[in-house]
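Student: Supplied in structure tokens, the structure appears directly below.
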């Protein structure tokens, strides 16, 4: 495979000529990608560097997938204006397992080509002296060159010491696994370059840095699990299909290029969008899953009909029934989200919009409750 295929869609490949030199070593390279387990899913945007990792696997190189169970406890501020909330140990452990399962949608699950590591394995063993030693490698002035830190510093916003340590912890991951190449989004460039400095300080050959673009979602913002503008890799097929269909025509070229790694098909944008949704769902759920998801989308969204199979939901006790609470329980919404959806005309009973907050129990019994375009339950 030519170098151009390994670096498809890359923004940075540093240093210049570094990857070619690594490939001439005549051995499988150790290609690192680390993901912190801040939410329970990997979405199609975060899968873009995974796709580069798969390209290296296809050429016989070893993918070293690092689950950031330990660095999640610090919180990477990359691209953020404030420190990230810290999850509980139980949440981190649960997310870590889910992340690994989802990464294998893209990666080859072959022990010869995939090595999975948890960075708590080595970071939890660092002594205070070790951390101080790491802190000597990069100066504070250099650290404040990071765009997000610089903005917060000049705005007088707090920056915790733990955040300053984060790039060094990520860099130490590269030392621990002796990375040849590290992959990441463009928001990770500073951290990846710090890995080169730290590896050199530990007497290792510095890694090559390869960054990929950040995928914009249908709202024009960076795709984010916490925001909810994402397409998770292991979401239900009909949900993945429907979310993909939300992207505007103006983003088709970007999504086809980055996600499908193909040129956008010529012709009707709707046909191109449907083909993209089929690709995304089939990659996770197979062709049959994609076919069923498209049928569901056509029936429910395009024809405004109810789906064939609607789950049953028992009505709560009491009469009348408070609709926001019912919606919250049925569709995993907050009551404020439910109220907003009602106010926007997005809630229907048997296909008719409803705006009352309290509904007689008799009216609800046996009715189909719809929230938005794709969520339905039959009340009993």
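Student: Out of the DSSP beta bridges found with both residues in the stretch 312-379, what percent are antiparallel (nearest 5)?
Tutor: 85
Student: Hey, another quick one. Could you tell me how many degrees, from 0 to 90 and to the nearest 10, lie between the Cα long axis of helix 189-201 and the main elongation axis, the longest principal axis, of the Cα atoms of the chain?
Tutor: Computed tilt is about 30 degrees.
Student: Still on this structure, I have one more. Identify which of 18, 68, 156 has the largest mean-square fluctuation in a Gaussian network model of the chain, with springs joining Cα atoms closer than 10 Å.
Tutor: Residue with maximal mean-square fluctuation among 18, 68, 156: 156.
Student: How would 142, 243 line up from fewest to most surrounding beta-carbon atoms within 10 angstrom?
Tutor: With the sparsest Cβ surroundings first, the list reads 142, 243.
Student: Mind pulling the angle between the C-alpha long axis of helix 161-177 and the longest principal axis of the chain? Nearest 10 degrees, somewhere in 0 to 90.
Tutor: 70
Student: For the stretch 1-62 and the stretch 232-257, write down the distance between their C-alpha centroids in whole Å.
Tutor: 23
Student: Right, something else. Is the stretch 312-379 best put as rounded, prolate or oblate by its Cα gyration tensor, with a ≥ b ≥ c the root eigenvalues, rounded for a/c under 1.5, and otherwise prolate when a/b is larger than b/c, oblate when not?
Tutor: rounded
Student: Shifting gears a bit: With springs only between Cα atoms under 10 Å, which of 362, 261, 101 fluctuates most in a Gaussian network model of the chain?
Tutor: Of 362, 261, 101, the Gaussian network model singles out 362 as fluctuating most.
Student: Could you put 70, 118 in order, starting from the residue whose Cβ has the fewest other Cβ atoms within 10 Å?
Tutor: If I rank by nearby Cβ atoms, fewest first, I get 118, 70.
Student: So what is the relative contact order of the stretch 237-380, in percent, for Cα pairs below 8 Å that sit 6 or more residues apart?
Tutor: 21
Student: Right, something else. Nearest 10 degrees, 0 to 90: what angle lies between the long axis of helix 269-297 and the longest principal axis of the chain (Cα atoms)?
Tutor: Compared with the principal axis, the helix lies near 90 degrees.
Student: If packing is taken as the average count of other Cβ atoms within 10 Å, what order do 164-173, 125-134, 26-35 fall into, highest mean first?
Tutor: Taking the mean over residues of other Cβ atoms within 10 Å, the ranking is 164-173, 26-35, 125-134.
Student: Using per-residue counts of other Cβ atoms within 10 Å, averaged over each peptide, order 147-154, 174-181 from highest down.
Tutor: The most tightly packed comes first, giving 174-181, 147-154.
Student: Normalised by the residues of the stretch 237-302, what does the relative contact order come to in percent, with Cα pairs under 8 Å and at least six apart?
Tutor: Computed over the stretch 237-302, the figure is 42 percent.
Student: Then there's this: Take 233, 189 and order them by how many other Cβ atoms sit within 10 Å, fewest up front.
Tutor: So the ranking, lowest neighbour count to highest, is 189, 233.
Bear in mind that the values in this text are calculations on the coordinates, not laboratory data. Note that the structure is predicted; figures quoted are calculated from it, not measured. Note that we place each Cβ from the backbone using ideal geometry, even for glycine, and neighbour counts take in every protein chain shown.
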